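Undergrad: This is the structure I want to talk about, given as structure tokens.
The values are calculated or read from the model by the stated rules, or taken from the named source; none is laboratory data. Since this is a predicted model, take the numbers as computed values, not measurements. Glycine gets a Cβ as well: all are built from the backbone with ideal geometry, and neighbour counts include every protein chain shown. Heads up: the accessible areas ignore ligands, DNA and RNA and are worked out on the full protein's heavy atoms, side chains in. Shrake-Rupley method; radii C 1.70, N 1.55, O 1.52, S 1.80 Å.
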Amino acid sequence: MKHPLIFLGAGPGDPELITLKGRRLLDEADLIVYAGSLVNPALLQGVQAEIHDSAAMTLDEVLTVLITAWQAGKKVVRLHTGDPSLYGAIREQIQRLAQEGIPCEVVPGVSSAFAAAAALQVELTVPELTQTVIFTRIGGRTPVPEQESLRNLAAIRASLCIFLSVSMIEQVVAELLSGGYPEDTAAAVVEKASWPEQRIVRGKLAEIAQQVREADIRKTAMILVGAALADTPAAASKLYDAGFSHGCREACVR
Ligand code: SAH
């Protein structure tokens, strides 16, 4: 029996932020195709596999390499940055592989959204402020459906993790303000979260674009926006409230 072809989440950059399963699959692989623009090459040090960087390859070229290797009985890993389910373009690959009769398995990874939240030491879901997180981007060369425009999402006032958009930070801010976020909403940009060169810019929504320009952050950055990022005193969560019972603990009755 041939192994399934593995789509693997590499994590956000720090080579220790890959799952144990992912580390083992990289070490056991015969062929790895990785997204060279974002995956930390340190993850590939010492592996025995033949390695291809997909950065300069077309979808067809990537698929040809994957299919040929799999059909030759090799253990094949397609390595994507962060978690493969977010902006990973895995759907088109999995569908084409299915047409060839090639089974796939997806192994999750730590998204850069979570590495950025960790760098800021924030909780994205703060009781009574927001219980919703939105992963999104601004429309660029890849369009975003109009109902999901940042202007429309702003009305929800959730915590936003905005990918692929820092080069258009002025438009991001303009849309969010026109959609209803107050000017003093907390915002942050984390460049290269979890890498040694990680940088953080924090501020108010109305000022963050200028701060990002001054820091000269142009790519590989996560924009986070929302009241959850502010260090206003938090409402206590129900989970640890003495009067709130749940599956693991009966409420104290006094
Ligand atoms: N699947 C990836 C996202 C791929 S899209 C994930 O789950 O993280 C690429 C975008 O992700 C970049 O434009 C940037 O917005 C974000 N990104 C990737 N790595 C990052 C990092 N280490 N720090 C901050 N943002 C990052």
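Undergrad: Would you mind working out the magnitude of the charge dipole of the chain relative to its Cα centre, with +1 at each Lys and Arg C-beta and -1 at each Asp and Glu C-beta, to the nearest 20 Debye?
TA: Value, rounded to 20: 340 debye.
Undergrad: Simple spin-label model, 7 Å along Cα-to-Cβ: T132 to I67 in nm?
TA: Result for the modelled spin labels: 4.2 nm.
Undergrad: How do the peptides 216-222, 112-118 rank, highest first, by the average count of neighbouring beta carbon atoms within 10 Å per residue?
TA: Those peptides, ordered most packed to least, come out 112-118, 216-222.
Undergrad: Once the Cα atoms of helix 205-215 and of the chain are each reduced to a long axis, what angle between those two axes, in degrees from 0 to 90 to the nearest 10, is obtained?
TA: The answer is roughly 50 degrees.
Undergrad: Now for a separate question. Pull out the extension gain between Q48 and R24, defined as 0.36 nm times the separation in residues minus the alpha carbon to alpha carbon distance; nm, one decimal.
TA: Result: 7.4 nm gained on full extension.
Undergrad: List the lysines whose Cα lies under 30 Å from the Cα of K21, skipping any in the same chain that are fewer than 8 positions away.
TA: In chain and number order, the partners are K2, K74, K75, K192, K219.
Undergrad: If packing is taken as the average number of other Cβ atoms within 10 Å across a peptide's residues, how do 41-52, 13-24 rank, most packed first?
TA: The most tightly packed comes first, giving 13-24, 41-52.
Undergrad: Expressed as an acute angle from 0 to 90° and rounded to the nearest 10, what is the orientation of the C-alpha long axis of helix 169-179 relative to the principal long axis of the chain?
TA: 50
Undergrad: Another question, if that's okay. If I fit a long axis through the Cα atoms of helix 90-99 and take the longest principal axis of the Cα atoms of the chain, what angle between them do I get, 0 to 90°, rounded to 10?
TA: Result, in degrees: 30.
Undergrad: Given axes a ≥ b ≥ c from the Cα gyration tensor, I'd like to know whether the chain is rounded (a/c under 1.5), prolate (a/b larger than b/c) or oblate.
TA: Because a/c hits 1.5 or more and a/b exceeds b/c, the chain counts as prolate.
Undergrad: Which is farthest toward the positive dipole end of the chain among V172, V212, T136, measuring Cα position about the Cα centre, with Cβ charges +1 (Lys, Arg) and -1 (Asp, Glu)?
TA: Positive-end residue among those listed: T136.
Undergrad: In deg cm²/dmol and to the nearest 500, what is the mean residue ellipticity at 222 nm of the chain if only DSSP H runs of at least 4 residues count, each as -39500 (n - 2.57), divided by the residue total?
TA: Estimated from H runs of four or more residues: -8000 deg cm²/dmol.
Undergrad: Can you tell me how the range 1-79 classifies by the Cα gyration tensor, rounded, prolate or oblate, using a/c under 1.5 as the rounded cut?
TA: Oblate is the answer for the range 1-79, as a/c is 1.5 or above yet b/c matches or exceeds a/b.
Undergrad: Modelled label-to-label distance, N152 and K219, 7 Å Cα→beta-carbon offset: nm?
TA: Computed distance between label sites N152 and K219 equals 3.0 nm.
Undergrad: List every residue whose amide H lies under 5 Å from the amide H of V106, counting only residues 5 or more places away in sequence or on a different chain, with H placed 1.01 Å from N in the peptide plane.
TA: Residues meeting the amide H criterion: F7.
Undergrad: Of the heavy-atom accessible surface of the chain (probe 1.4 angstrom), what whole percent is carbon and sulfur?
TA: 52
Undergrad: Next question, about the same structure. Counting only heavy atoms of the protein chains, get the accessible area per residue of the range 5-107 (1.4 Å probe) and round it to a whole Å² value.
TA: Accessible surface, normalised per residue, equals 47 Å².
Undergrad: First measure r as the distance between the Cβ atoms of T232 and S167, then evaluate 1/(1 + (r/R0)^6) with R0 = 45 Å and state the FRET efficiency to the nearest 0.05.
TA: Once the sixth-power term is evaluated, E becomes 0.90.
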